[in-house]
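Read the figures in this text as sums done on the coordinates, not as results from a lab. Values in this document were obtained by computation on a predicted structure and should not be read as measured data. Note that each Cβ is placed from the backbone with ideal geometry, even for glycine, and that neighbours are counted across all protein chains shown.
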Amino acid sequence: METTEQAITRAPETSIEEALSRMCQRLSALQAADGSWEGEDIWNPMLPAQYVIAMQVIGRPIDRGRAQNILQQFEHEKLANGLWGLHRFGEPSLFMTALVYVASRLLGVKADHPSLAEARKMLAKEDLLSIPSWGKIWLSIAGVYEWKGAHSIPPEVWMLPKSARIHPANYYCHTRLIYMGMASVSAEEITAPITDLTREIRKELYPGRNYEELPWVASRGKLRAADLYAEPTKTLQAMYWAGDAYSAVHFSPLRKKILRDLRKRMKWELDSSDFTCLSPVNGLLFMLTLWNANPSDPYVERQLARFEGWVWEDEHEGMRIAGARSATWDSSFALQALSRAYEALPTERPMLRESIERGLEWLRTQQIETPAIDDATTYRKMDRVDPTGGFCFAGVWHGWPVSDCTAEAICAFLEAPPELRSEADLERVRRGIEFMLRCQNSDGGFGSYEARKNDASLEWMNPAEMFGDSMTEMSYVECTASNAIAIVAALPHLSGGLRTQAEASLKRAEALLRSMQRPDGSWEGVWGVATLYGTFFALRALHAIRSHHGEGPDAAMKKAGTYIASMQREDGGFGEHWRTCATGRSEDLGYSHCVQTGWALSGLASVSEHREARERASAWLESQLEEDGELPEQIFAGVFFRTALIGYRMYRRIFPMMAVAEHLNAK
């Protein structure tokens with residue numbers, strides 16, 4: 001774990017302008033040759049472990065060098081107690097520990113190796129039959145758990161009318177595609193070849209028990225409480241048992257037909273995403289499904305080749321598989337930060353101008369001009385929004401645009417020095433706005449990839465017990481705020497019906513944002529930790545809206561500023577604990593955090609008050625600055641589905657710098 005206590009070389013005391021200048025130079029130095037920026041999005045060992053299992057199934061040996069790198073990553077992610085969790089800062093997870101154990105053994109690590117000692121103790125103490133459902137599925141794929149011990153996922157649910165709320169078309173897109181894959185692998189009971197090693201692992205996972213005599217069926221609903229975010233509801237449990245009963249007597253020809261149809265949908269998804277899928281989480285399941293139907297399927301080969309795009313690999317941390325790539329997201333914020341610095345540091349403008357110009361040139365290539373395949377009608381049939389005009393989190397190759405990524409890209413264009421913009425950029429803005437409007441929910445808020453399909457919550461049927469808020473698109477504070485800011489910036493460049501639609505959209509978004517403010521003045525963030533993240537975005541949006549109308553901060557903004565100021569630590573920094581994401585109750589981190597201090601400082605700058613708090617926050621950031629313009633890497637500040645932290649490696653290079661520039665510009 002890297003914290004502020006690590007040994008680093010601090011820069012000598014400097015002025016705020018000199019500190020900002022060094023931050024700018026560092027960010028510019030990190031710009032790629034093509035003009036983009038991208039930092040790794042650090043996940044957990046789940047994907048490398050599943051990758052190992054998948055390669056075992058399809059008979060693709062992992063070469064020695066990569067195997068060693070995967071094992072090195074497992075070691076790097078290990079908790080202090082020798083086990084593994086959903087992230088490197090949390091509690092041990094039976095799900096994660098079991099997956100890593102099995103993958104390590106498949107890679108040749110001996111059962112008595114010291115690296116697995118604590119995992120062996122956990123497996124002896126805990127009942128692996130209580131592993132969460134995703135674990136039951138992946139261990140069944142590995143051949144060390146029985147499919148009859150996992151609840152079935154009837155693929156026939158895809159035959160329901162889409163008007164039925166439980167039809168997968170209404171799920172959040174990640175959940176929709178993951179369970180498309182899980183329904184297929186479970187229906188086919190795809191399993192790795194059973195070898196002598198498999199039999200050895202079975203004995204190790206269930207010590208002192210006869211594998212063939214384990215109570216598989218009775219263990220379907222057995223779940224380790226410490227691994228759960230929320231227990232399955234009674235309604236969901238009833239659905240599980242109904243699905244199990246149906247699958248026991250299902251009509252085989254009908255099931256074969258729906259499985260063929262799902263494979264066609266999988267191939268369509270691969271075609272529309274440059275063979276990467278929405279994420280590697282569903283990608284591996286698609287790969288197993290297609291391989292099982294035809295081991296010579298060329299789609300499998302193309303998918304294997306493109307899967308490497310998710311991989312980060314080096315000598316220090318080994319081989320990681322990111323759940324997402326973030327070049328467009330990182331680059332859009334980097335450009336905004338540089339543009340704010342361009343205003344704050346006139347003497348640095350030649351250097352900043354060159355970097356901004358190169359970044360904009362790259363960003364111009366990242367908008368989806370037309371759908372990758374088919375047309376908007378086909379996208380709707382595939383439960384997708386028309387992607388035309390959108391920007392993806394990763395890059396244009398991904399094919400899955402996101403509303404707030406599009407919004408931040410629009411802001412990057414419109415906040416750049418005017419002389420660097422072109423009429424073509426304004427046309428990009430207009431197309432981007434059209435895509436964003438397709439992602440607005442009926443309540444006025446914005447989802448991420450698409451608008452919510454219906455207004456009913458489906459969290460009561462969330463089958464991913466370890467995660468929360470994963471069933472449907474929501475009206476996220478962050479997405480709603482980003483979209484509102486972009487619309488405000490774009491309005492002077494819109495006309496006719498599009499301007500009318502945008503103005504109406506903005507009013508609805510503002511109304512929802514205001515309604516989402518909590519009594520203490522904060523907003524709850526969902527994709528970052530936590531109230532500091534949500535309040536930072538909401539204040540940016542309200543500041544943009546009020547400024548557009550020639551008005552200053554109102555009572556709601558001032559209340560939010562007071563909330564942020566109340567969280568300031570003695571040293572001037574800010575730090576909020578990641579547990580806040582799961583509990584909804586803000587907790588102090590115990591030390592100041594560079595990225596979160598950046599969010600707090602930006603929020604305060606939007607209010608134009610609390611000058612003393614801003615000065616102290618800025619001074620603390622300056623005190624943390626290293627000689628090369630870096631800030632220390634600390635505990636992760638991103639999160640997905642409430643419980644799993646993400647480390648965005650570019651955040652410490654972007655948000656503190658943006659905040660310091662905004663602080664200077666607000667003086």
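Here are the numbers for the structure shown:
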{"read-out": "Selection from Val311, Pro132, His76 lying farthest towards where the dipole of the chain points positive, charges on Cβ", "value": "Pro132"}
{"read-out": "Dipole magnitude (debye, nearest 20) for the chain, charges at Cβ of Lys, Arg, Asp, Glu", "value": "2100 debye"}
{"read-out": "Where only C-alpha atoms are counted, convex hull volume of the stretch 46-247 per residue in Å³", "value": "131 Å³"}
{"read-out": "Scattering profile of the chain at q = 0.05, 0.08, 0.10 Å⁻¹ [log10 I(q)/I(0), Debye over alpha-carbon scatterers]", "value": "-0.23, -0.60, -0.95"}
{"read-out": "Gyration tensor over alpha-carbon atoms, the stretch 364-506, equivalent ellipsoid semi-axes in Å", "value": "27, 17, 14"}
{"read-out": "Potential extension, Glu615-Ser442 segment - 0.36 nm per residue separation minus Cα distance", "value": "58.2 nm"}
{"read-out": "Value of [θ]222 nm, deg cm²/dmol, for the chain, DSSP H segments ≥ 4, -39500 (n - 2.57) each, nearest 500", "value": "-16500 deg cm²/dmol"}
{"read-out": "Phe89 versus Lys257: modelled label distance in nm, points set 7 Å from Cα along the beta carbon direction", "value": "5.2 nm"}
{"read-out": "Computed magnitude of the charge dipole of the stretch 46-247 (debye, nearest 20; Cβ of K, R +1, Cβ of D, E -1)", "value": "240 debye"}
{"read-out": "Estimated FRET transfer efficiency (Asn81, Arg349; beta-carbon r; R0 41 Å; 0.05)", "value": "0.20"}
{"read-out": "Neighbour-count order for Tyr449, Tyr651, fewest beta carbons within 10 angstrom listed first", "value": "Tyr449, Tyr651"}
{"read-out": "Within the stretch 282-308: backbone nitrogen closer than 19 Å to the Trp397 label point (7 Å, Cα to C-beta)", "value": "282-284, 287, 299-308"}
{"read-out": "Tilt relative to the chain, helix 173-188 - C-alpha long axis, 0 to 90 degrees, to 10", "value": "10 degrees"}
{"read-out": "Computed magnitude of the charge dipole of the stretch 364-506 (debye, nearest 20; Cβ of K, R +1, Cβ of D, E -1)", "value": "340 debye"}
{"read-out": "Tilt relative to the chain, helix 611-624 - C-alpha long axis, 0 to 90 degrees, to 10", "value": "60 degrees"}
{"read-out": "At most 11 other Cβ within 10 Å, DSSP loop - trypsin sites (Lys or Arg not before Pro), the stretch 558-625", "value": "Arg585"}
{"read-out": "Selected from Ala324, His87, Pro161, residue furthest toward positive end of dipole (the chain; charges at beta carbon)", "value": "Pro161"}
{"read-out": "Alpha-carbon Debye profile of the stretch 246-293, log10 I(q)/I(0) at 0.16, 0.17, 0.23 Å⁻¹", "value": "-0.50, -0.55, -0.82"}
{"read-out": "Stretchable slack from Arg364 to Glu551, in nm (0.36 nm times residue separation minus alpha-carbon distance)", "value": "64.0 nm"}
{"read-out": "Projected label distance in nm at Ser623 and Glu357, using a 7 Å step from Cα toward the beta-carbon", "value": "4.0 nm"}
{"read-out": "Relative contact order computed over the chain (Cα-Cα under 8 Å; 6+ residues apart), in percent", "value": "18 percent"}
{"read-out": "Crossing angle, helix 252-272 versus the chain [Cα axis fit, 0-90 degrees, rounded to tens]", "value": "30 degrees"}
{"read-out": "Contour minus Cα-Cα distance for Leu491 and Thr562 (0.36 nm per residue)", "value": "22.5 nm"}
